[in-house]
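Down below is the structure, laid out as structure tokens.
The values are calculated or read from the model by the stated rules, or taken from the named source; none is laboratory data. Fair warning: this is a prediction, and the values are worked out from it, not measured in the lab. Backbone-built Cβ (ideal geometry, glycine too); neighbour counts: all protein chains shown. Calculation scope for accessible area: heavy atoms of the full protein, side chains included, ligands and nucleic acids excluded. Shrake-Rupley method; radii C 1.70, N 1.55, O 1.52, S 1.80 Å.
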Amino acid sequence: MKIDIPEGKDAIEYVWGEMVPGIGMAATKFSLAVYAHTTLGLREFEAARLRIAQLNGCAFCLDWRTERDGEKVEESFADAVSEWRTTAAFDERTRLAAEYAERYALDHHGLDDAFWTRMTAHYSQLEIVELTMCLGSWLAFGRLNHVLGLDTVCALPSGRNPGR
């Protein structure tokens, strides 16, 4: 943990809400909006989100599974995301979402015309902008939580604590 958290305070709530309320609350609203207002399918959404989580190394993000209408991706989905190039579990949109996430995070200068030709064959411009905003949110906030060590002190959605 890189930030001192007062005794009895939740680390995420303290850092995001109390330390820098003007920025933290706006960041929280953006982060929540990505989930509340997405038009992307659950599988492509989760493929992109999980690929960013894998690259960031954020324990909370890796443990999280987005739920929509009582549905989540299957248990083996995170493994498929790691193997996005070769997995048989993905359709082309889901594979592209994972690829875009990886390239956005690691080689955004390498997003060439061949990639965009494939991307625009499967995603509308609106969906590309939406996915790009989602990627920006996950990359920034998951990395923030991991770099500051917040992901090692928070309770994970599964109930386990990665810091123990």
With every protein chain in place, the chain: carbon and sulfur % of accessible area (1.4 Å): 55
The simple spin-label model distance between MET1 and PHE115, using points 7 Å out along Cα→Cβ, in nm, is 3.8
Which cysteines does the chain leave without a neighbouring Cys Cβ under 4.7 Å? CYS134, CYS154
Asserting the computed 222 nm helical MRE of the chain (DSSP H runs at least 4 long, -39500 (n - 2.57) per run, divided by residue count, to nearest 500) equals -17500 deg cm²/dmol
Phi angles of region 13-28, converted by Karplus (6.51 cos²θ - 1.76 cosθ + 1.60, θ = phi - 60°) into ³J(HN,Hα) in whole Hz with x for Gly and Pro, give 4, 5, 5, 6, x, 9, 5, 10, x, x, 8, x, 5, 5, 5, 4
Cα→Cβ-extended label distance, 7 Å offset, between GLU83 and LEU106, nm: 1.7
Mean accessible surface per residue for the chain, computed with a 1.4 Å probe while every protein chain stays in place, in Å²: 55
I need the trypsin sites (Lys or Arg not before Pro) found in region 1-73, filtered to DSSP loop residues with at most 13 other beta carbons within 10 Å of theirs. LYS2, LYS9, LYS72
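Pop the C-beta distance of GLN125 and GLU92 into the FRET formula with R0 = 25 Å and round what comes out to the nearest 0.05. Each step should come with its number before you reach the end.
Details: r = 18 Å, r/R0 = 0.70.
E(calc), rounded to 0.05, equals 0.90.
Using only the Cα atoms of the chain, build the gyration tensor, take square roots of its eigenvalues as a ≥ b ≥ c, and label the shape rounded, prolate or oblate: rounded if a/c is under 1.5, else prolate if a/b is larger than b/c, else oblate.
Numbers: a/c = 1.97, a/b = 1.66, b/c = 1.19.
The shape class here is prolate.
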Surrounding charge for VAL15, neighbours by C-beta under 11 angstrom, Lys/Arg +1, Asp/Glu -1, total -2
For the chain, the longest site-free run once GluC sites (Glu not before Pro) in DSSP loop states with at most 16 other Cβ atoms within 10 Å are removed: 84-164
Sequence-distant or interchain residues sharing an amide H contact under 5 Å with ARG68, placed H: which? none
Would you kindly state how much longer the chain becomes between ASP10 and TYR35 on full extension, computed as 0.36 nm times their sequence separation minus their alpha carbon distance, in nm to one decimal? 6.8 nm
